[in-house]
Each structure stands twice: as C-alpha cells, then as structure tokens.
Amino acid sequence: MASPFNVLNGNTGAGGCGAPVFLPGQHPRPPWLRVRFPGGPNHQELMRIMRTLDLHTVCESARCPNMGECWEHRTATFMILGNVCTRSCGFCSVPSGRPLGPPDEDEPGRVAEAVERMGLRYAVVTSVNRDDEADGGAHIFARTIEEIQRRVADCKVEVLIPDFRGDWEALAAVVAARPDVLNHNMETVPRLYRRVRKGAEYGRSLELLRRAREIAPEMPTKTGMMLGLGETREEVLSAMGDIAAQGAAILTLGQYLQPTAEHLPVERYVHPEEFAEFRRAGLEMGFKHVESGPLVRSSYHAFEQEEAARG
C-alpha cells in the first residue's frame with residue numbers, strides 16, 4: 001500500500017504544480033497537505049508511454065500531488081512548446097530564459113498518439129509562455145486540439161493557455177479549433193500581480209476570458225487562483241467577482257506552495273474551511289462549478305468540472 005507523504009509544490013507555467021521540496025524556516029506544514037504517493041497500474045503504464053514518445057506532462061515534471069488519482073482516472077495534462085519559459089514568474093518552477101529553438105511542429109501528432117495509446121477520456125494541454133513566437137505558439141495549441149479530436153473522437157480536450165501578450169487573433173485561432181474548455185489562470189489578486197506574475201496584466205487576463213466567451217458562448221471558460229501569497233479575504237472575493245463578470249463558468253482555488261528557496265514564500269496556509277467558504281461564495285456569484293481546496297490544481301477533477309459547467 002502506498003504511503004502518504006508531505007508535499008510542497010508551487011505552480012508551473014500556466015498553472016501546473018512545482019516540485020516538492022522541504023524548505024527550512026517555513027511555516028510548519030499543516031496535516032491537510034498530505035497525499036498518497038502516486039502509483040497503480042494505470043500510472044505506470046502512462047509514464048512508460050510518455051517516455052516512449054518524448055513528451056512532457058505537467059503532472060510528472062511538477063510532481064503534482066494529485067497525479068496518481070488523475071492518472072488512475074485516465075486524465076493527464078500535457079505541456080507543449082518546450083520546457084523553457086520566456087517569463088520568470090515568482091511562483092513558477094519551470095526554467096526561464098530563451099527557448100533553444102522554434103516550436104516542434106511534430107509535437108501535436110505525438111500528443112494525439114499519446115492520448116490514443118493512454119486511452120484518455122480527458123486531456124488537458126498547457127504550455128510555457130513563448131513570447132519569442134509571433135503568435136505565442138497558438139498554432140501549436142490549435143493543431144494539438146485538432147489532432148487529438150481526429151484520432152480520439154470521444155476524448156474531451158481542455159486547453160490552459162497563456163495570455164499571448166494580448167494577441168486576440170492568436171486567441172481566436174485556439175478557440176476556432178473548438179476545445180471543450182478554455183482555461184487561462186488569473187493566479188492572484190491585482191495588488192500582487194507585479195510580484196507574482198511578471199510580464200502579465202490583470203486587466204489583460206480578464207479581457208482574454210471575456211473575449212473567449214464572446215467568440216464561443218457555448219464553450220465553458222475557466223480560471224484559477226493560488227491562495228497564501230499575502231492576499232486578503234476581501235481581495236480574493238473582489239477578484240472572484242471580476243472573474244464572474246467575464247462569464248467564466250469554472251473557478252479553481254488552491255494553496256500556493258513554494259517550489260524552491262528562490263521563489264516567493266508562503267505567507268500563510270489557508271484552512272480547508274476557508275476554501276469551503278470561497279466555494280460557497282463563488283457559487284452564489286454565478287460560477288457553474290468551483291473547485292476549492294488546499295491541494296486543488298487547475299486540472300484536478302477537470303473531467304467532472306466540464307460536465308458540471310455544461311450541466
């Protein structure tokens with residue numbers, strides 16, 4: 001039987017999870033931040049397929065605490081466009097710098113092959129920021145959606161996209177490929193943006209959610225925030241209200257956890273009861289589904305979230 005272990009994992013890229021580390025001088029980790037080590041036959045099979053096709057998942061690279069549960073339920077999150085991000089956010093453990101080359105044009109086909117071989121029911125596709133590309137890598141997102149839909153018609157596809165620096169034609173290209181859910185994470189409250197999300201703008205991210213909804217009203221939009229970075233309860237509720245006003249259907253709220261000593265510290269651990277309060281408030285604001293809890297990450301229970309949003 002798998003044994004439980006403590007995890008410390010911050011977000012990576014557009015909303016994954018960072019590697020678990022134990023940092024001296026931090027607040028003692030509360031007991032609710034414990035999960036079982038990932039294992040099981042599906043987990044092992046999926047890992048073997050990923051290595052064979054030379055692909056990355058946020059689940060693995062970040063050692064997400066929910067990886068075992070998600071993979072056993074045939075849900076996985078792929079990270080495309082390389083593993084070097086052109087931005088350097090204070091919460092993110094993905095390496096930043098200049099990408100080694102242009103996007104891999106064969107990657108969409110390999111992702112679709114992996115989805116088929118893994119027998120996935122729900123695939124989430126995310127990426128690093130590629131500000132070095134004219135379209136931010138949007139055409140690779142679009143082709144990945146199309147390839148998955150072509151090869152595995154009954155697998156739903158969610159994309160977790162960057163802001164494309166406000167290039168709305170790039171956004172439209174992704175939406176035109178008809179993903180089942182479009183996600184773009186707000187990450188934090190406006191006051192903390194400059195410190196937490198370098199290169200991003202709060203208003204621009206809100207506009208992305210609004211424009212996606214306008215382009216495809218039938219497609220659920222989704223976003224998420226990390227808590228524990230120094231935000232107040234009032235700031236969280238205000239940001240939730242801003243997001244709800246853009247028509248977003250799904251909201252995820254989870255605990256920020258520091259990936260390394262060089263990243264932003266955890267200011268506090270949010271109690272599960274407070275997460276439950278935010279969930280109730282979000283449903284009252286009009287969200288179709290709110291996933292709120294210490295270990296919640298963008299893709300956690302993604303299949304159920306999509307069903308709730310359309311239900």
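The values are calculated or read from the model by the stated rules, or taken from the named source; none is laboratory data. All of these numbers come straight from a predicted model, not from anything done at the bench. Reconstructed Cβ throughout: ideal geometry from the backbone, glycine too, with neighbour counts over all protein chains shown.
Tallying residues that are assigned to a loop (DSSP other than H, G, I, E, B), out of contact with any Leu (no Cβ under 6 Å at 6 or more places or on another chain) and among the aromatic types (F, W, Y) within region 76-125 yields 0.
Restrict the check to region 200-212 and report whether at least one residue is in contact (Cβ under 8 Å) with a residue 24 or more places away in the chain, surrounded by fewer than 19 Cβ atoms within 10 Å (Cβ to Cβ) and in contact with an Asp or Glu (Cβ under 8 Å, 6 or more places away or on another chain). Looking for residues that are in contact (Cβ under 8 Å) with a residue 24 or more places away in the chain, surrounded by fewer than 19 Cβ atoms within 10 Å (Cβ to Cβ) and in contact with an Asp or Glu (Cβ under 8 Å, 6 or more places away or on another chain), one finds at least one in region 200-212, hence yes.
Among the residues of region 157-184, how many are of a type outside the set (V, I, T) and in contact with a Leu (Cβ under 7 Å, 6 or more places away or on another chain)?
5
Screening A138 against (1) more than 23 Å from A249 (Cα to Cα); (2) without any contact (Cβ under 8 Å) to a residue 40 or more places away in the chain; (3) under 17 Å from the mean Cα position of the chain (by Cα) leaves a single unmet condition, (1). Say we look at region 155-175 and pick out the residues that are surrounded by fewer than 24 Cβ atoms within 10 Å (Cβ to Cβ) and acidic (D, E); which of these is farthest from L206 (Cα to Cα)? My answer is E169. Scanning region 92-110 for residues that are at pLDDT below 90 and in contact with a strand residue (DSSP E or B) (Cβ under 8 Å, 6 or more places away or on another chain) yields C92, V94, P95, S96. Selection within region 176-199: residues that are surrounded by fewer than 22 Cβ atoms within 10 Å (Cβ to Cβ) and in a loop (DSSP other than H, G, I, E, B). The member of this set that is modelled with the lowest pLDDT is K198.
Within this structure, L55 fails the test of being at pLDDT below 85 and part of a helix (DSSP H, G or I). Note on region 221-241: residues that are within 17 Å of D163 (Cα to Cα), touching a helix residue (DSSP H, G or I) at 6+ places or on another chain (Cβ under 9 Å) and not aliphatic (A, V, I, L, M) total 3. Among the residues of region 117-134, those that are closer than 19 Å to N185 by Cα and of a type in the set (D, E, K, R) comprise R130, D131. Only residues that are assigned to a loop (DSSP other than H, G, I, E, B) and more than 15 Å from G199 (Cβ to Cβ) were counted in region 126-136, giving 2. Of the residues contained in region 283-298, none is found to be under 25 Å from G166 (Cα atoms), surrounded by fewer than 23 Cβ atoms within 10 Å (Cβ to Cβ) and charged (D, E, K, R). Within the set V270, V236, the sole residue that is over 20 Å from A302 (Cβ atoms), buried (at least 22 other Cβ atoms within 10 Å of the Cβ) and at pLDDT 95 or above turns out to be V270.
Hey, any hits in region 150-169 for a residue that's over 24 Å from C92 (Cβ atoms), in a strand (DSSP E or B) and not aromatic (F, W, Y)? I'd like the intermediate steps shown before the answer.
Restricting attention to region 150-169, the residues satisfying the condition of being over 24 Å from C92 (Cβ atoms) are 150-156, 168-169.
If we keep only those that are in a strand (DSSP E or B) too, we end up with 156.
Restricting the remaining residues to those that are not aromatic (F, W, Y) gives 156.
Yes: one or more hits.
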